[in-house]
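The values are calculated or read from the model by the stated rules, or taken from the named source; none is laboratory data. Because the structure is predicted, anything quoted here is derived from the model rather than measured. For neighbour counting, all protein chains shown are included, and Cβ atoms are generated from backbone atoms with ideal geometry for every residue, glycine included. Remember, those area values only see protein heavy atoms, side chains included, never the ligands or the DNA or RNA. Shrake-Rupley method; radii C 1.70, N 1.55, O 1.52, S 1.80 Å.
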Amino acid sequence: MSLLTEPTCVVPGVWLLHGFASSAALWSEMEQIIAKAPLRHMQTQRGFTMSVAMTNCGSVGWTSDRRGYRYSPTDPISDKPWPAMPALFSTLANDASEQAGFGRFNPDACLINQYQPGAQMGAHQDRNEKSFDHPIVSVSLGIPARFYIQGETRGGQSQSVDLFDGDVIVFGGVARQYYHGVRKLKSASHPLFGSVRWNLTFRVAQ
Ligand code: MD3
Ligand code: FE
C-alpha cells in the first residue's frame, strides 16, 4: 500500500514522502478504531479544550487532561486497552522509516488526530516518549494543512510545508525534538472525508 516515492529533505532530519500512503486503504482500519475508542477533544493541563479531536491505537495511547500529558495503556473513557495497532499501520510506518533512511521502526503507539476547519495545533515538542532515539512517522490524510517547523526553540523563523492527502513525514535525529505545529485548518473538500484532515502519528513511546 505504500507507494514508491523519492523522499525529499525538508530540513536536516525531516523527510517528506509525497503521496506515500493511501487514505482509502487506511480508512476501514481507522473506522474500526474509532468505533471502539471514539474521537474526543482532550483537556490541557491549563483547562483548555483542544480543537483537534483525538484517539489512539497501539499498546499505549497519548492522552491529556488536567493532570498533564502522558501515555496510557488504557482509554480513560472506557478504561479498556486501546484498540490494537493494525498490521497495515505498523507496516506503513516501518516502510516510511526505512525509505527515509532511519531503518527498522516498530511503533507501539499511534495517535489519530482529526482536524475540522478552524482546528490547529500550537507549537510544541513531542517529548512524552521514553527515548528520542526513534523517529516519528506522521501520515496526513484528507484536506491539506500547513505544517510548520521552528527548530530547537519556540518562536523565531519557521519553515512551512503544505501536507496533502497521502503525504508522510518522517522526523528523527537532530529534528526529533524540534518545535512544530499546524496552522488553523482552512475549509476544503476531500472525496472520501469531506472537509476533514486526519493525521496518524506513529511513535515508539515506551
Ligand atoms: C516535528 N501532529 O500529534 S505531524 C502531534 O499534523 C503532531 O497532526 C501534527 O505534531 C499533525 O504531535 C504534526 C508530526 C510532525 C511532523 C514533522 C515534524 C512533527 C515534527 C518535523 C520536525 C519536528
Ligand atoms: Fe507533535
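Figures for the structure shown
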| item | result |
| --- | --- |
| Strands (runs of 3 or more DSSP E) wholly inside the stretch 142-206 containing at least 2 residues that are of a type in the set (Asp, Glu) and out of contact with any His (no Cβ under 7 Å at 6 or more places or on another chain) | none |
| Residue count, the stretch 163-200 (criterion: closer than 19 Å to Thr8 by Cα, among the β-branched types (Val, Ile, Thr) and within 15 Å of ligand 2 (Cβ to nearest atom)) | 3 |
| Tally of residues being among the aromatic types (Phe, Trp, Tyr) and either open to solvent by 60 Å² or more (accessible area, probe 1.4 Å) or under 15 Å from Met54 (Cα atoms) (or both) across the stretch 92-111 | 1 |
| Residue list for the stretch 153-184, restricted to those being at pLDDT 95 or above, charged (D, E, K, R) and out of contact with any Leu (no Cβ under 7 Å at 6 or more places or on another chain) | Asp162, Arg176, Arg183, Lys184 |
| Unique match (being buried (at least 22 other Cβ atoms within 10 Å of the Cβ) and either within 9 Å of ligand 1 (Cβ to nearest atom) or farther than 24 Å from Phe48 by Cα (or both)) among Phe193, Phe164, Phe132, Phe89 | Phe89 |
| Search result, residues across the stretch 112-128 that are open to solvent by 10 Å² or more (accessible area, probe 1.4 Å) and either farther than 15 Å from Gly181 by Cα or of a type outside the set (D, E, K, R) (or both) | Gln114, Gln116, Pro117, Gly118, Gln120, Met121, Gly122, Ala123, His124, Gln125, Asn128 |
| Test: residue in the stretch 23-32 that is touching a strand residue (DSSP E or B) at 6+ places or on another chain (Cβ under 6 Å) and of a type in the set (Phe, Trp, Tyr) | no |
| Those residues of the stretch 107-136 which are touching a helix residue (DSSP H, G or I) at 6+ places or on another chain (Cβ under 8 Å) and part of a strand (DSSP E or B), in sequence order | Cys110, Ile112 |
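A quick yes/no check of all residues on (1) under 25 Å from Glu29 (Cα atoms); (2) among the basic types (Lys, Arg); (3) out of contact with any strand residue (DSSP E or B) (no Cβ under 9 Å at 6 or more places or on another chain); (4) more than 13 Å from ligand 2 (Cβ to nearest atom):
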{"position": "Met85", "(1), (2), (3), (4)": "yes, no, no, yes"}
{"position": "Gly101", "(1), (2), (3), (4)": "no, no, no, yes"}
{"position": "Arg104", "(1), (2), (3), (4)": "yes, yes, yes, yes"}
{"position": "Ala123", "(1), (2), (3), (4)": "no, no, no, no"}
{"position": "Lys130", "(1), (2), (3), (4)": "no, yes, no, yes"}
{"position": "Val161", "(1), (2), (3), (4)": "no, no, no, yes"}
